[in-house]
Amino acid sequence: MVSLLQYGIYATTLFFIIARFKSVVRPALRDPFLLVLIGLIVTSFFWSDFPSISRKAGVFALITTLFGLYLASRFSLKEQLRIIAWALGIVVVFSLLYTLVLRGSGIENGTHSGAWRGPLLHKNLFARLMLVCAFPPLLAALDLRNKYRYLAFGVAGLATALIILSTSKTALVIFLTLIILLPLYRALRWSDNLAIPFFITLILIGGSMATFTVASWDNLLFSLGKDPTLSGRTEIWEAVMHKIWERPWLGYGYQAFWIEGGESDYVWRVLRYRVYQAHNGFYNIGVEIGLLGALFFVISVVFAYIRAIRYMRSSKTSEALWPLIYLTFLPMYNYTESTIVEPNSIYWVLFVSITFSLRNIQTLTTRKESERFREESVSQTGVESFP
């Protein structure tokens, strides 16, 4: 049933892409870094240890990317935020009802007994989803002035409560960090005379806090109920990095490294237990499609972040906060989990739609400025210049 639904979504996505081929392909050509990243994923079966797996996963990742690209070409960021807020709001309500009705399936037993996991397999996966679900309704509510405003606030509050019930400290810390950043990102709209001294002060305070955190890192982790190795993650990273340096540029093939009988056997021997991801998105993408893939992803994030800041400064609406919030969430969460370029992943769809939407906005803004400059030149000289 699930596979049938997935293939139905794939077919629908391809239909919409073909129907709007020119308007979809044109924006895609404006972000070469993301294009190269997807190109590496799709073609990684050529050097993969498991070509059939990499080929299939690469096709699914491509269609997932095309779905995000279609959203960017069809809807504005404001429309996307509203759609996402409604969709994720339904997810939040369904997760609550699912857990209340099927407590045996929606609540962890054993090591994490009592932690809510909803319809997902693990509490950390559930907390990550609820973290993303909290912000679109919250940001949409800030601009709404009708009866739906309180509904949106209620959904955001419910998602926050579910993060707490999941007992995921990582999700809670990142959620609180993003909440603190909201007014700071709003300050980007100030004039440079106010913004520059403000952010210099912020950097000084942040640097002091970072120094304190580094100095008392072990105590801080113990206070959060974690060990200094982040529950063994540092040992995983060390073993994975050893394998990355054996094939540094192109990796072992998309989703081919963690297959039983492959190169991940070395990691399992070192750890003496099995893991199926690096628990770090950057290590994971590095071991699958190499340092080149990781580099292109990082460059794409950096450019998208710069465009998000420009968009934020030029807009007075709350949806302009959404790209900045999401582009902050993604690298932060990928420090301990992997949410980069996953097939059938809402996180990758959101990244692609935001990235291409910001690129479209930048292109339109540049075109309008060029036309305005040309009109001003004509009005001043009385002569129209041609390139």
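Being crowded, with 16+ Cβ neighbours inside 10 Å and not polar (S, T, N, Q) is the requirement here; does ILE18 meet it? Break it down into steps so the answer makes sense when it comes.
Numbers: crowded, with 16+ Cβ neighbours inside 10 Å: no; not polar (S, T, N, Q): yes.
When the stated conditions are applied, ILE18 does not pass them.
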Screening SER44, SER52 for residues that are touching a helix residue (DSSP H, G or I) at 6+ places or on another chain (Cβ under 6 Å), in a helix (DSSP H, G or I) and polar (S, T, N, Q) leaves only SER44
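Going by the conditions given, is ARG128 of a type in the set (D, E, K, R) and without any contact (Cβ under 8 Å) to a residue 24 or more places away in the chain?
No, not satisfied.
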Residue set LEU125, LEU81; condition open to solvent by less than 10 Å² (accessible area, probe 1.4 Å), part of a helix (DSSP H, G or I) and of a type outside the set (Gly, Ala, Ser); output residue LEU81
All-but-one check, THR111 against (1) touching a residue at least 12 places away in the same chain (Cβ under 8 Å); (2) more than 16 Å from VAL92 (Cα to Cα), failing number (1)
Filtering segment 242-280 down to residues that are farther than 23 Å from PRO343 by Cα and either of a type in the set (A, V, I, L, M) or buried (at least 22 other Cβ atoms within 10 Å of the Cβ) (or both) yields VAL267, VAL270, LEU271
Turns out the helices (runs of 4 or more DSSP H) fully within segment 252-363 with at least 3 residues that are in contact with a Ser or Thr (Cβ under 6 Å, 6 or more places away or on another chain) are 281-314
Flag for VAL24 being in a helix (DSSP H, G or I), crowded, with 16+ Cβ neighbours inside 10 Å and not polar (S, T, N, Q) = yes
Scanning segment 316-345 residue by residue, those surrounded by 19 or more Cβ atoms within 10 Å (Cβ to Cβ) and aliphatic (A, V, I, L, M) turn out to be ALA320, LEU321, LEU324, ILE325, LEU327, LEU330, ILE340, VAL341
Just to be sure, is ALA171 open to solvent by less than 10 Å² (accessible area, probe 1.4 Å), more than 14 Å from TYR326 (Cβ to Cβ) and at pLDDT below 90? yes
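Being in contact with a helix residue (DSSP H, G or I) (Cβ under 7 Å, 6 or more places away or on another chain) and more than 21 Å from ILE346 (Cα to Cα) is the requirement here; does LEU139 meet it?
On the way: in contact with a helix residue (DSSP H, G or I) (Cβ under 7 Å, 6 or more places away or on another chain): yes; more than 21 Å from ILE346 (Cα to Cα): no.
In short, no.
The values are calculated or read from the model by the stated rules, or taken from the named source; none is laboratory data. A quick note: this is a predicted structure, and the numbers were derived from the prediction, not measured. Quick reminder, even Gly has a Cβ in these numbers, built from the backbone with ideal geometry, and neighbours come from all protein chains shown. Surface accessibility is based on the protein's heavy atoms, side chains included, excluding ligands, DNA and RNA. Shrake-Rupley method; radii C 1.70, N 1.55, O 1.52, S 1.80 Å.
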